[in-house]
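Taken together, the values in this text are just the output of simple stated rules run on the coordinates, not laboratory data. Everything numeric here is computed off the predicted structure, so don't read it as measured data. Cβ placement follows ideal geometry from the backbone for every residue including glycine, while neighbour counts extend to all protein chains displayed.
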Amino acid sequence: MFGFLRRKKNQVPGDAAIESPVDSSVDAPEVDTLGTDTSPITEPVEAPSTIEPEPLPAVITAEPEPAQTSTQIAIQSAPQPVTQEKPKSRFWQQLARARNNFTEGLGDLFLGKKAIDDELLEEVETRLIMADVGQATTRALIDALHQQISRKQINDTEALFETLSQLMIERLERVQKPRPAPTEQPHIIVVCGINGAGKTTTIGKLAHHYKQSGHKVMLAAGDTFRAAAVEQLITWGERNQIPVIGEPGRQDSASVLFDAAQSARARNMDVLIADTAGRLHTQGGLMDELKKLIRVVSKSIPGAPHEILLVLDASIGQNALNQARQFHEAVGVTGLIVTKLDGTAKGGILFAIADELKLPIDFIGVGEQIADLRPFDPKGYVDALLDREDI
Ligand SMILES: Nc1nc2c(ncn2[C@@H]2O[C@H](COP(=O)(O)OP(=O)(O)OP(=O)(O)O)[C@@H](O)[C@H]2O)c(=O)[nH]1
Ligand SMILES: [Mg+2]
């Protein structure tokens, strides 16, 4: 069941009693915690770290107060079907903005409508484009829906959305690969991307991820362009209580990475994650420097780097595609990390990325905290984006 459909169904005319005081008290936390409020959001969605939705009581028994009017008593005493909501995860909340952008208005369109018509399909198409799914991928999804409708495989609006979810999951799964296990010691990961994409923050979170799974992790401060960049990485090292190679003032990032690789091997580290300076994909000289860095790492340890991860900022939408193409052409990216999905309405960019680049999305960033990096799960992502519930 899709949340935006259920909520609208609960509001069909004649069901006014559902909006009685009893039910509105049940629905109130849902509006906040799901972020389904359709009013425009002007601030990036702050992931509430402490606000966890309270499990709702399965049954609410109304006990009329003596002072209440007879109408109120009648409304409260009438048994109302109360759907118990599962408490929503932090991840669900973090994707509120992307979900709102997609489902806003769809519920209204569905209201009182059972059959699928062109208006509905056009609205779905518009929503996909607005979510930055991209023209080509949107066309492919809508064509697939049309085909299934004409073959009578889809008969009602709910089936339409179920099929759309499946198609979206498939498109993401097509390019996914299992993450390489860090079997080499050290398993070296070089992280690259344009300025401000979230590389250093992601490295801090990635280190946490590996540490949580019992690996010995070291960081290399390969961004020697800014002294502050080294300090920022050292702070992440302290947070994770892991060593960082590189100190402010060093000029040559290649030598930092070489030293870090040697040190990681000498200290039996499982994973070494290297930061690099932000660079525009159009800056030829800096892209050449990145190639040189990779060559140096490959000379430091045979088979290294084992991964070259490109960090992309989801909020820049379709521009991410161009960046990814150029970085991939230059250094052969092995996987992607898409950041800032918590603050963007452009959650559809992942579909364009998967379709056009055929590169696996390894992780997504959904906040600035250490635990706000998630291994990418296509189904979980689509469920959260399309407001698919109880699955
Ligand atoms: N909301 C949100 N903010 C993020 C996320 N990832 C990174 N940021 C923020 O994005 C900003 C830039 O992050 P950095 O990690 O410094 O980016 P960078 O790519 O290393 O930047 P340069 O080193 O300057 O190229 C910081 O304010 C981060 O907190 C994310 O997933 N969600
Ligand atoms: Mg950085």
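A few notes on this one:
- Counting lysine pairs in the stretch 132-223 whose alpha carbons fall under 21 angstrom apart, excluding pairs fewer than 8 residues apart on the same chain, gives 4.
- Inter-label distance, nm, simple model (7 Å from Cα along the C-beta direction), ALA266/MET130: 5.8 nm
- Translational diffusion of the stretch 200-285, µm² s⁻¹ [Kirkwood Rh, Cα pairs; Stokes-Einstein; 25 °C; 0.890 mPa s]: 190 µm²/s
- Protection-proxy order for peptides 161-171, 215-225, each taking the mean of Cβ atoms within 10 Å per residue, highest first: 215-225, 161-171
- Rg to Rh, two decimals, where the stretch 311-385 supplies the alpha carbon set and Rh follows Kirkwood: 0.94
- Calculation over all alpha carbon pairs of the stretch 187-378 in 5 angstrom steps from 0 returns a P(r) of 1, 8, 18, 22, 22, 16, 9, 3, 0, 0 percent.
- When DSSP beta bridges are restricted to pairs lying wholly in the stretch 187-378, around 10% turn out antiparallel.
- Legend: calculated FRET efficiency, THR282 to MET1, from the Cβ-Cβ distance at R0 = 30 Å, rounded to 0.05, equals 0.05.
- The listed peptides 132-139, 202-209, ordered by packing as a protection proxy, come out as 202-209, 132-139 (highest mean of other Cβ atoms within 10 Å first).
- Cα gyration tensor of the stretch 213-261 - equivalent ellipsoid semi-axes, whole Å, descending: 19, 13, 6
- Distance in nm between pseudo-label sites at HIS146 and ASP118 (7 Å out along the Cβ direction from Cα): 1.1 nm
- Sites GLN241 and GLU329, calculated FRET efficiency, Cβ-Cβ separation with R0 45 Å, nearest 0.05: 0.75
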